[in-house]
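Peer 1: Sharing a structure below in structure tokens format, with a few things to ask.
The values are calculated or read from the model by the stated rules, or taken from the named source; none is laboratory data. On a predicted model such as this, the values are computed, not experimentally measured, just so you know. A quick note on method: Cβ atoms are made from the backbone with ideal geometry, for glycine too, and the neighbour counts reach across all protein chains shown. Areas reflect the complete protein model, heavy atoms only, side chains present, ligands, DNA and RNA absent. Shrake-Rupley method; radii C 1.70, N 1.55, O 1.52, S 1.80 Å.
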Amino acid sequence: MTYVHNRPEDFVPEALRGLVKAHPGRLRQVPGGIARADGTRPGKVAVVVGGGSGHYPAFAGLVGDGLADAAVCGDIFTSPSTRQVLDVCRAADAGAGVFVTFGNYAGDVLNFGAAASRLRAQGTDVTILLVTDDVASAPADRAHERRGVAGDLVVFKLAGAAAEEGADLAEVNRLASHGNDRTQSFGVAFDGCTLPGHDHPLFGLEPGTAGWGLGIHGEPGVGEEALPSAAELAAELVDRVLAERPADADGRAAVLLNGLGTVKYEELFVLWDTVHDLLVERGVTIVAPLVGEYVTSLDMAGCSLTVTWLDDELERLWLAPADAPGFHHGSWRPAPAALPDPLPDHLPGEPETELVAATTPEGIAAAGTVASLFHRAQVALHDAEQMLGDLDAVAADGDHGRGMCRGIDAAVLAADAAVRAGGDAPSVLRRAADAWADKAGGTSGALWGVGLLALADALPADARVTLDHLAAGVTAARDQIQEVGGARVGDKTLVDALHPAAEALAAAAAAGTPSADAWRATVEAAQEGARATENIAARRGRARVLGDKSLGVPDPGATSLALLLGEAGAEAGIPAPTTTEVE
């Protein structure tokens, strides 16, 4: 995946355009992702799947008859933004409601959830289902915390078949949820994957080593052993997925042996030769097995085994025909003679945030200062991109630096445009916040978006910004980020830097401390908070699955927040503290 690209930041949109051109008449590109060319059949529940790109044929390749009506496509290993989800759901909605399903990852949960709330408020019936099949990511008594891996395909297939049969939204959700509850997966990696434009993988394993329990975003495994033979690997995979066989299972199962990118078909067939026999020996009746690449991870060397325990209704849905660019199953019946009207060339997007004009010299100056702060942050984040990515790769997917750069680049463009249009400081900040959240995607994109919006609400309209305004705004940003993301101090997130910073700034403002001293104390508190995360095992986000691996390394989100608070002070001529600087 590092060989064929132009600009790395253009990789996903170019790939999506190429996919559509490779399947004329079947797919069309819509804002935020991909949809069926002829739209969702009127009166049918729209099935929308999605997540970060880099997993083809998931997610864009699964749009087609008997499967998904549309897919929301974020950047590589990055959740789509709220706006992308909104746009794709609107494009797919045919009047019978929208069923949205995706893997259980923090950024996806935030952005799909926020979009669903907004759609419901606008009168659209939406139901969400998180796929939670990875047995390595949480024990059985916390199965709802598990991440979604190759079981995504099975759940998507069941939901698509149910909707194609004419089930209503509640029934589609019931059947897909039932299938999700009876689906378990376990995977193994032999080497890491490399983002387009990067010169090294997100993680690596010593030659001759296998990493057990990997995710599909390049997360390291939960244990390492010497590379097993195919027979030994088959036995390990079968043992792991059969350990949670439901008590009422009669033995029928849909089985998926999935390659993650570099382990190719002949190798998978060698593995399947033993997996098949072991499953039969354990009393499994294999129904329409799949062996191939279905939910990949760029060029990761690895594979996974998925088992879904079937009953009569799930078997019917599993065997129902499906035909999409990246997945073909059974024999598809001809579509009805009456096709829906084609989708319009341009779908209405989310309305832009209102722009309020600055009319006083103080207001104009404040708006310009906001834009200048974003410019300074842009330079700092690009300088720190590799460092932040390396921190994130220790126990997560390594995309924090790139995501922050995508966010700040979009924010700078939006802030500059808002200043040119004459906006006041809150308007400039709101436009920048929306752009950051939309382009960054992922957990950090969503959290920075809501945090900056909360800060904007505390700024005065068309007037000079005081320390009291900033203290109120930073406190509001902290509260909103904690409410949306659910993190608290000690979870190893950006909150570990933001909370002490907000407390320090509020205390300084209340005490009448000079602005320079107040901001210096704020930055120092953030840096101390970020440094303290070195001794914390992550309890939130993707890194929580491999929390112990994060020990000894500061949290990338806390680190980037402390960095940007320091840059904000430097823009105002306040030197950042040096004694507690985050390395």
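Peer 1: Tell me yes or no: at least one residue of segment 459-468 is under 34 Å from the mean Cα position of the chain (by Cα), within 23 Å of Arg430 (Cβ to Cβ) and assigned to a helix (DSSP H, G or I).
Peer 2: no
Peer 1: Which strands (runs of 3 or more DSSP E) does segment 103-215 wholly contain that include 1 or more residues that are of a type in the set (Asp, Glu), open to solvent by 30 Å² or more (accessible area, probe 1.4 Å) and under 29 Å from Pro325 (Cβ atoms)?
Peer 2: 183-191
Peer 1: While we're looking at this one, here's another question. Looking at this structure, is Asp10 under 23 Å from Met404 (Cβ atoms) and either out of contact with any strand residue (DSSP E or B) (no Cβ under 7 Å at 6 or more places or on another chain) or among the aliphatic types (A, V, I, L, M) (or both)?
Peer 2: yes
Peer 1: Something else: I need a count of the residues in segment 309-360 that are open to solvent by 90 Å² or more (accessible area, probe 1.4 Å) and at pLDDT below 95.
Peer 2: Of the residues in segment 309-360, 15 are open to solvent by 90 Å² or more (accessible area, probe 1.4 Å) and at pLDDT below 95.
Peer 1: Shifting gears a bit: Please indicate, with yes or no, whether at least one residue in segment 63-72 is within 21 Å of Arg406 (Cα to Cα) and either β-branched (Val, Ile, Thr) or open to solvent by less than 10 Å² (accessible area, probe 1.4 Å) (or both).
Peer 2: Yes, segment 63-72 has at least one match.
Peer 1: Which residues, taken from segment 385-409, are at pLDDT 95 or above and open to solvent by 10 Å² or more (accessible area, probe 1.4 Å)?
Peer 2: Correct list: Asp409 only.
Peer 1: OK, next. Taking the criterion of being of a type in the set (Val, Ile, Thr) and farther than 19 Å from Ala371 by Cα, would at least one residue in segment 462-472 satisfy it?
Peer 2: No, every residue in segment 462-472 fails to be of a type in the set (Val, Ile, Thr) and farther than 19 Å from Ala371 by Cα.
Peer 1: Filter segment 74-96 down to the residues that are touching a strand residue (DSSP E or B) at 6+ places or on another chain (Cβ under 7 Å), open to solvent by less than 10 Å² (accessible area, probe 1.4 Å) and not β-branched (Val, Ile, Thr) and list them by number.
Peer 2: Gly74, Phe77, Ser79, Pro80, Cys89, Ala91, Ala92
Peer 1: Would a scan of segment 472-483 turn up a residue that is open to solvent by 30 Å² or more (accessible area, probe 1.4 Å), within 24 Å of Ala518 (Cβ to Cβ) and polar (S, T, N, Q)?
Peer 2: Yes, segment 472-483 contains at least one residue that is open to solvent by 30 Å² or more (accessible area, probe 1.4 Å), within 24 Å of Ala518 (Cβ to Cβ) and polar (S, T, N, Q).
Peer 1: Could you check segment 472-518 and list, in sequence order, the residues that are farther than 29 Å from Gly113 by Cβ, part of a helix (DSSP H, G or I) and either of a type in the set (A, V, I, L, M) or under 33 Å from the mean Cα position of the chain (by Cα) (or both)?
Peer 2: Ala504, Leu505, Ala506, Ala507, Ala508, Ala509, Ala510, Ala516, Ala518
Peer 1: Determine, yes or no, whether Ala446 is out of contact with any Phe, Trp or Tyr (no Cβ under 7 Å at 6 or more places or on another chain), without any contact (Cβ under 8 Å) to a residue 24 or more places away in the chain and either surrounded by 22 or more Cβ atoms within 10 Å (Cβ to Cβ) or at positive phi (or both).
Peer 2: So Ala446 does not fit the description; no.
Peer 1: All but one of (1) within 23 Å of the chain's Cα centre (by Cα); (2) open to solvent by 20 Å² or more (accessible area, probe 1.4 Å) hold for Leu373; state the number of the condition that does not hold.
Peer 2: Single failed check for Leu373: (1).
Peer 1: Out of segment 16-27, which residues are touching a residue at least 40 places away in the same chain (Cβ under 8 Å) and either out of contact with any strand residue (DSSP E or B) (no Cβ under 6 Å at 6 or more places or on another chain) or within 23 Å of Asp299 (Cβ to Cβ) (or both)?
Peer 2: Residues satisfying the conditions are Leu16, Leu19, Ala22, His23, Arg26.
Peer 1: Val275 - would you say it is open to solvent by 20 Å² or more (accessible area, probe 1.4 Å) and of a type in the set (A, V, I, L, M)?
Peer 2: For Val275, the condition - open to solvent by 20 Å² or more (accessible area, probe 1.4 Å) and of a type in the set (A, V, I, L, M) - is not met.
Peer 1: When residues of segment 287-300 are filtered for being closer than 24 Å to Leu214 by Cβ, among the aliphatic types (A, V, I, L, M) and more than 24 Å from the chain's Cα centre (by Cα), how many remain?
Peer 2: Summing the residues that are closer than 24 Å to Leu214 by Cβ, among the aliphatic types (A, V, I, L, M) and more than 24 Å from the chain's Cα centre (by Cα) in segment 287-300 gives 2.
Peer 1: For segment 413-428, which positions are open to solvent by less than 10 Å² (accessible area, probe 1.4 Å) and part of a helix (DSSP H, G or I)?
Peer 2: Within segment 413-428, Ala415, Ala418, Ala425, Pro426, Ser427, Val428 qualify.
Peer 1: Determine whether Gly39 is under 17 Å from Asp323 (Cα atoms) and touching a His at 6+ places or on another chain (Cβ under 8 Å).
Peer 2: Here the answer is no, as Gly39 does not meet what is asked.
Peer 1: Additional query: Please go through segment 64-102 and pick out each residue that is assigned to a loop (DSSP other than H, G, I, E, B) and either among the acidic types (Asp, Glu) or within 14 Å of Arg41 (Cα to Cα) (or both).
Peer 2: Gly64, Gly66, Leu67, Asp69, Asp93, Ala94, Gly95, Ala96, Gly97
Peer 1: Let me ask another. Would you be able to tell me the number of residues in segment 515-534 that are among the acidic types (Asp, Glu) and either within 11 Å of Ala501 (Cβ to Cβ) or touching a Leu at 6+ places or on another chain (Cβ under 6 Å) (or both)?
Peer 2: 2
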